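The values are calculated or read from the model by the stated rules, or taken from the named source; none is laboratory data. It should be emphasised that the depicted structure is a prediction, and the values quoted were computed from it without experimental measurement. FYI the Cβ positions are ideal-geometry reconstructions off the backbone, even for glycines, and counts take in every protein chain you see. Accessible surface is based on the protein model in full, side chains and every heavy atom, while ligands, DNA and RNA are left aside. Shrake-Rupley method; radii C 1.70, N 1.55, O 1.52, S 1.80 Å.
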Amino acid sequence: MGPVQIKDGIYWVGALDWDIRDFHGYSTPKGTTYNSFLVMDEKITLFDGVKKTFKNDLIESISRIVDPRKIDYLVVNHVEPDHSGSIPELVELIGPEKVFCSPMGKKALIEHYNREDWPYQVVETGHQLKLGKRTVSFLETRMLHWPDSMMSYLTEDRILFSSDAFGEHWATSQRFDDEVDAGELFAHAAKYYANILLLYSALVQKVMGKLPELGVDPVMIAPDHGLIWRSNPAGIVSAYGKWSRQESQRKALVIYDTMWEATAAMARAMCEGLKQEGVEFKLINLKHHHRSDIMTEVLDSRAVLMGSSTLNNGMMPAMAELLCYMKGLKPMGKVGAVFGSYGWSGEAVKLISEAMGEMNIRLVGDGLRVKYTPKEQDLTKCVELGRQVAREALALEAGGSCAKAGS
Ligand code: FEO
């Protein structure tokens, strides 16, 4: 779409990917952006590349500002291929005087692209680089999102190039937070956090604590995906504080897959119990929801109730997939329960309970199994289990702990 000036002499020169629908397992129904930033100073500097297939968009945008061969410095904040895929061809075209990256970034670039001959300049937290009238301060942010990740801060302009952090997967013709609907923007940002950064929440807290210590007080946060936070940078920083502390709402999810509707009937009865105790709930049939959308709901839920029919001595495949994905993202501080119908062997409830136990979800009860179709008394037990979970969730809100073993 061509360059967009974000401040005098500083340009967005990234690319819009309207078509991507899967980002390593995360559904992206509205595409994404790969943001790259050009700073015109005595040393002309490009911060981050784009995905390899979008390199022409990047070069075209740069060319409308300056001949790319006049770029002096290339800063690689993150080596994942959605940002570095275009770097080999950029280095070839630009012939930069220096390629700045973290120590892990240098290793990763060499391992990805087998180029030991690039003019690397390794930078660490606290290192500064003069561009002319501007100064860049670097901050290593290991695991946000890969070991090589770092952020770059323009100290005079107070612009933070934050790499993956504070981003969203959302392709839009707008570039700034105040140009789009705030509710939709934060919904995309929450999904991004829940699916990309949740497991690194402790590190997010550490980095956010370090920013003020290093004098980083941005008036603009420019991530490598999505919108640039120029009107409300404090809003996304505050949201990251809440998400990284894994603060939850008085909200429960009842997630299930069902073979012949028996487990579905149990799930609806669980919802009735939650409702009776005044806890907001969402009923999620795994046949109709993507795992990454479910994780977004998990982010601020206090209770997670999971049910599956038994299939071939195991659980339904969609439940196994969700548990695998969810375990990797390490949600914390939840209570839950397990349920499911079966015909003769009934292993699903035990297997789901084990998986939820590994996630330190405090389980209420021992798991509720019903043979074939639930009868009136079975559904009454489901309602009661929903009520018990709701009471545990409310107790948690009042300061209870999720750390002890399940009741
Ligand atoms: Fe946007 Fe971790 O790459």
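Data table
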item	result
Charge sum, other residues only, whose C-beta stays under 15 Å from I94's C-beta, Lys/Arg counted +1 and Asp/Glu -1	-2
Antiparallel %, DSSP beta bridges [both residues in segment 4-244], to 5	65
Positive-end residue of V66, S152, F47, charge dipole of the chain with Cβ unit charges	S152
Rg(Cα)/(2.2 N^0.38 Å) for segment 111-156, N = residue count	1.33
Cα-Cα over 31 Å, subset of K30/K242; K43/K191; K206/K327; K55/K191	K43/K191
Over 30 Å [Cα-Cα, segment 4-244], rounded percent	16
The chain - percent of accessible surface contributed by carbon and sulfur, probe 1.4 Å	51
Mean separation of Cα contacts under 8 Å, 6 or more apart, over the residue count of the chain: relative contact order %	12
Amide H partners (placed H, <5 Å) of F339, local residues excluded	M306, G307, S308, L368
Cross-link pairs K98/K330; K52/K130; K7/K70; K7/K251 - those with Cα-Cα distance over 31 Å	K98/K330; K7/K251
Candidate aspartates and glutamates for bridging to K375, where Cα separation is under 17 Å - those fewer than 8 sequence places away on the same chain excluded	E261, E272, E384
Whether segment 98-179 is rounded, prolate or oblate, judged on the alpha carbon gyration tensor where a/c under 1.5 counts as rounded	oblate
Solvent-accessible area of I94 with every protein chain in place, 1.4 Å probe, in Å² to the nearest 10	10
Solvent exposure, largest accessible area first (probe 1.4 Å, DNA, RNA and ligands not counted), of T53, T296, T258	T53, T296, T258
Cα-centre dipole for segment 4-244 with unit charges at Cβ (Lys and Arg positive, Asp and Glu negative), debye to 20	300
12 Å beta-carbon shell around V383, net charge (K/R +1, D/E -1)	-1
Under 5 Å, built H, 5+ apart or other chain: amide partners of I6	Y11, W12
Derived scalar couplings ³J(HN,Hα) [segment 140-146; Karplus, 6.51 cos²θ - 1.76 cosθ + 1.60; whole Hz; x for Gly, Pro]	6, 10, 3, 6, 10, 10, 10
Most positive-pole-ward Cα, G2, W12, S238, against dipole of the chain from beta carbon charges	S238
For segment 250-260, Karplus couplings with θ = phi - 60° (6.51, -1.76, 1.60), whole Hz, Gly/Pro x	6, 8, 10, 10, 10, 10, 8, 10, 9, 8, 10
Built amide H within the under 5 Å cut-off of K282, gap 5+	A252, L253, V254
Mean-position separation - Cα centroids, segment 201-250 and segment 17-41, in angstrom	20
C-alpha center-to-center spacing [segment 44-68, segment 158-177] in angstrom	17
Counting DSSP beta bridges with both ends in the chain, the antiparallel % (nearest 5)	45
Extreme residue, positive dipole direction of the chain, given options A337, G95, H225 (C-beta unit charges)	A337
Neighbourhood charge, 15 Å Cβ-Cβ cut-off, centred on K130 and excluding it, Lys, Arg +1 and Asp, Glu -1	-2
Over segment 251-302 - Rg/Rh using Cα atoms and the Kirkwood inverse-distance radius	0.98
Size descriptor, Kirkwood hydrodynamic radius, that averages inverse alpha-carbon separations across segment 253-395, Å	14.5
Area accessible to solvent at L311, 1.4 Å probe radius, in Å²	60
Accessible-area order (highest first, 1.4 angstrom probe) of the listed residues K55, K375	K375, K55
Per residue accessible area of the chain, 1.4 Å probe, in Å²	41
Ellipsoid semi-axes in whole angstrom, largest first, where each is sqrt(5λ) of the Cα gyration tensor of segment 102-251	26, 18, 16
Globularity ratio of segment 207-332, using Cα Rg and 2.2 N^0.38 Å	1.36
Principal axis box of the chain, alpha-carbon based, largest edge first, Å	77, 40, 36
Share antiparallel - DSSP beta bridges, segment 253-395, percent rounded to 5	10
Residue of A15, A303, A239 that the Gaussian network model of the chain assigns the largest fluctuation, springs spanning Cα pairs under 10 Å	A239
Mean Kyte hydropathy of -0.5 or more with a Cα span along the axis of at least 30 Å, helices from DSSP in the chain	376-397
With eigenvalues of the C-alpha gyration tensor scaled by 5 and rooted, segment 290-332, Å	20, 11, 9
